[in-house]
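For reference, the structure discussed in these notes is given below.
Please treat every number below as a calculation from the coordinates, not as lab data. These numbers were taken from a predicted model, which means no experiment stands behind them. FYI the Cβ positions are ideal-geometry reconstructions off the backbone, even for glycines, and counts take in every protein chain you see.
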Amino acid sequence: MRLQLAILSLRRHVSRTLLAMLGVTVSAAMLLDMVMLATGMRESFSSLLGRNGFTIRVSPRGTLPFDSEATIARAGDAIAQMKAVAGVTAVAPVLGTTIHALGSAEPVTAFALGIDPAVQGDYELLSGAEPAAGDALVASDALLRATSKAVGDTLDVAIGFDPQLRTYAGRRRLVISGRARFLYLSETDRAAAMQLATVQAMGGTQRADRASLFMVRTAPNVDPEQARAAIERALPRVTALSTAGAVAEAEKRLSYFRQLAFILGAVSLGVGFLLVTTIVTVSVNERIGEIAVMRAIGVSRLHIVQQIVIEGIGLSLAGAVSGLLLGLVTARYLNSILSAFPGLPDAIDFFLFQPSAAFRALGLLVASGIAAGVYPSWRAASLPISTTLREEAVG
Amino acid sequence: MLAPEPGAVSGDTVRVAAILERRADPSEVARSEYRIRLHLDHLQRLISYGDRVDRFAVLSAGGDAADSVLKSVNQAAFGFRAYPSREIAVETSKTFLVVSRFHRAIGVITIVASATFLLCIMLLKVDERRRDVAAMRLMGISRSTVIRSVMVESSAIALVGSVFGVGLGFIVSAFVNSHYQAVYQTPLRFAVITPGTVVFSVVLSLLLGIGAGALAARRLARTPPLALFGR
């Protein structure tokens with residue numbers, strides 16, 4: 001009965017109801033997008049870092065991974081010391097450098113990683129084989145395209161290339177053993193990975209026994225934070241960062257987007273609330289006489305309040321459901337804009353749909369719809385019946 | 001200024017000659033690292049870099065002169081390449097282009113949301129005048145006069161609302177600037193209200209106000225006056 005009356009009341013002003021629903025839909029879509037933006041970066045960055053089970057990153061003291069060209073000396077000793085820390089199950093060393101693929105008129109520049117193929121966590125092999133030998137490398141599709149090479153071809157690679165003097169710190173001919181997708185780079189980045197010893201040897205004395213970063217895997221039952229602290233105690237020349245710490249650092253740098261999401265999300269919620277409140281209030285004011293008649297024939301105050309609240313819920317719910325669909329479409333579009341950030345890993349999504357967060361936000365919108373209906377309905381149901389009827393009759 | 005022979009000796013003393021303020025450079029906004037400036041020769045000696053530099057910035061007379069300098073440098077120089085500042089600016093501003101596109105998209109969504117809200121409010125506002133309109137019609141005032149008067153009223157409301165909105169916009173932008181300037185320690189302005197922005201928002205709200213007013217007024221004027229009275 002209450003539901004039927006609420007539906008009839010909403011249908012009485014179809015254009016107004018549709019317009020209000022449209023407003024709530026856009027507000028709900030915006031709210032959903034902002035919730036996805038606020039939580040998406042954290043979740044996708046966290047899941048990217050947590051891939052392959054690496055829970056700790058170790059970089060030169062005072063720096064973040066690959067934030068500077070600084071490297072960690074005596075990498076071999078450092079690996080041994082970290083492996084001795086309780087709970088550490090594997091250590092993956094990484095040495096980053098710039099390589100130049102020679103052979104064409106202009107050398108092709110690419111980012112190269114020296115890794116241990118047995119424990120690496122920087123790339124996924126798409127085809128071919130791991131660089132098991134010292135004269136092998138795996139390359140990204142972008143590098144293969146730029147050099148017009150394929151798996152099985154040989155690449156003339158130089159490290160420490162001085163374009164002015166045309167000299168190199170090291171130069172080798174390496175066989176492309178496989179194609180790889182680099183997890184922390186974008187699809188357009190030219191990248192290669194080879195054995196750590198190869199990069200160290202090609203880099204000369206400046207790179208000998210050095211690493212830019214260590215990725216540390218810990219046992220599942222070990223708190224990464226404790227292992228991190230133990231690593232920093234054992235190696236005072238490094239900074240160890242747990243996945244949670246790295247996510248917090250990334251959030252600090254991208255705090256602008258989080259704040260923007262919070263502000264716009266709050267504004268969307270406020271606009272949705274105001275819209276439903278306005279519509280319900282006006283609708284109630286128009287029906288003061290009708291409500292007084294209902295009260296006069298014995299309809300309870302609670303019944304009237306419930307009917308009007310159902311109207312508010314109906315508007316919010318319909319808007320929230322269509323807003324969910326619109327929000328997913330706009331989030332996809334906004335994500336495609338932000339994914340064009342230079343150097344952003346492909347695996348990072350700014351807008352990530354998480355059912356719990358999304359439904360919480362939309363639930364909040366519906367709750368605001370309920371709140372929007374309570375006050376005007378209670379006020380209308382509490383008006384003195386005879387006075388209201390007389391005023392309405394006299395007009 | 002560094003000591004005359006800085007080398008790389010542990011224990012060297014460095015005197016801070018001046019404190020620099022960060023430039024209003026968007027590319028430096030997200031960077032939180034500490035920065036120092038040294039004389040070129042001091043830094044070369046400190047890091048044993050020899051007589052080398054990473055890049056040169058060349059000042060030219062501009063226009064065609066810049067192009068001819070670029071051409072002659074690229075023809076004469078061996079092992080390095082000259083780029084016009086314009087090209088470098090395009091390359092280094094990609095991040096800001098992405099952010100700018102994102103802001104534009106968010107802006108469009110916000111405009112749609114606020115336009116719907118405004119339209120809804122204006123329709124309700126005009127709808128509230130049903131009894132007045134009925135009285136005017138019964139007194140013999142023509143339909144067109146009624147429509148015009150309702151439209152003038154809704155335009156006035158939209159105009160006053162936009163003036164308040166512009167004022168609120170200035171306050172919010174001042175807050176945004178002071179907040180982010182403090183967060184990123186930069187004199188860069190994050191929110192700028194241009195005359196174009198003001199004109200756009202005022203015109204948009206006026207159009208919406210007038211549109212909503214016209215729509216609602218036409219509907220009211222077509223309804224028989226007694227029906228507007230609820231009879």
Legend entry - Spacing of the two label points (7 Å from each Cα toward its C-beta) at A:Arg12 and A:Asp135, in nm: 8.9 nm
Inset, instruction - Taking the dipole about the Cα centre of the protein assembly as shown, with the C-beta of Lys and Arg at +1 and of Asp and Glu at -1, give me whichever of A:Gln226, A:Gly178, A:Val108 is farthest to the positive side. - result: A:Gln226
Inset, instruction - Mark the label point 7 Å from the Cα of A:Thr154 along Cα→Cβ and return the residues of the range A:172-186 whose backbone N is within less than 19 Å of it. - result: A:172-178
Inset, instruction - As a check on your grasp of the helix formula, calculate [θ] at 222 nm for the protein assembly as shown: sum -39500 (n - 2.57) over DSSP H runs of n ≥ 4, divide by the residue count, round to the nearest 500. - result: -19000 deg cm²/dmol
Inset, instruction - Arrange the peptides A:365-371, A:272-278 so that the one whose residues have, on average, the most other Cβ atoms within 10 Å appears first. - result: A:272-278, A:365-371
Inset, instruction - May I ask for the equivalent-ellipsoid semi-axes of chain B, computed as the square root of five times each C-alpha gyration tensor eigenvalue and listed largest first in whole Å? - result: 66, 22, 13
Legend entry - Per-residue HN-Hα couplings for the range A:151-156 [Karplus 6.51, -1.76, 1.60; θ = phi - 60°; Hz; x = Gly/Pro]: 4, x, 6, 10, 10, 8
Legend entry - the range A:61-83 residues near the modelled A:Ala219 label - backbone nitrogen below 17 Å, point 7 Å along Cα→Cβ: A:82-83
Legend entry - Straight-distance crosslink candidates among aspartates and glutamates, where the alpha carbon sits under 17 Å from B:Lys71 and sequence neighbours closer than 8 are dropped: B:Glu87
Inset, instruction - Count, for each residue of A:279-285, the Cβ atoms from other chains sitting within 10 Å of its Cβ, then give me the mean as a whole number. - result: 2
Inset, instruction - Tell me the label-point distance for the pair A:Ala201, A:Leu328, using the 7 Å Cα-to-Cβ offset, in nm and rounded to one decimal. - result: 5.4 nm
Inset, instruction - Using only Cα atoms, locate the centre of the range B:48-81 and the centre of the range A:185-233, then give the distance between them in Å, rounded to an integer. - result: 37 Å
Inset, instruction - Note the angle between two axes, namely the Cα long axis of helix A:14-49 and the longest principal axis of the Cα atoms of chain A, as a number of degrees from 0 to 90, rounded to the nearest 10. - result: 20 degrees
Legend entry - About the Cα centre, charge dipole magnitude for the protein assembly as shown (Lys/Arg +1, Asp/Glu -1 at Cβ), debye: 2200 debye
Inset, instruction - Enter the mean projected area of the convex hull around the alpha-carbon atoms of the protein assembly as shown, in nm², rounded to one decimal. - result: 39.3 nm²
Legend entry - Coil-residue trypsin sites (Lys or Arg not before Pro) of the range A:48-127, DSSP, other Cβ within 10 Å capped at 16: A:Arg61, A:Arg74
Legend entry - All Cα pairs of the range B:65-165, percent lying beyond 21 Å: 65 percent
Inset, instruction - Mind checking B:121-130 for the average number of partner chain beta-carbons within 10 Å of each residue's beta-carbon? - result: 3
Legend entry - Between 0 and 90°, nearest 10: helix B:64-76 axis offset from chain B longest Cα axis: 40 degrees
Legend entry - C-alpha center-to-center spacing [the range A:68-109, the range A:147-184] in angstrom: 16 Å
Inset, instruction - Would you kindly state the longest site-free stretch of chain A, with sites defined as GluC sites (Glu not before Pro) in a DSSP loop (not H, G, I, E, B) surrounded by at most 14 other Cβ atoms within 10 Å? - result: A:188-395
Inset, instruction - Would you order A:Glu130, B:Glu91 from fewest to most other beta-carbon atoms within 10 Å of each residue's own beta-carbon? - result: B:Glu91, A:Glu130
Inset, instruction - Report, to the nearest 10°, how far helix A:385-394 tilts away from the longest principal axis of the Cα atoms in chain A, using its own Cα long axis and a range of 0 to 90°. - result: 80 degrees
Legend entry - Residue-span extension gain [B:Glu87 to B:Ala227] - 0.36 nm each, minus C-alpha spacing: 43.5 nm
Inset, instruction - At most 11 other Cβ atoms within 10 Å and a DSSP loop assignment: could you name the chymotrypsin sites (Phe, Trp or Tyr not before Pro) in the range A:38-103 that fit? - result: none
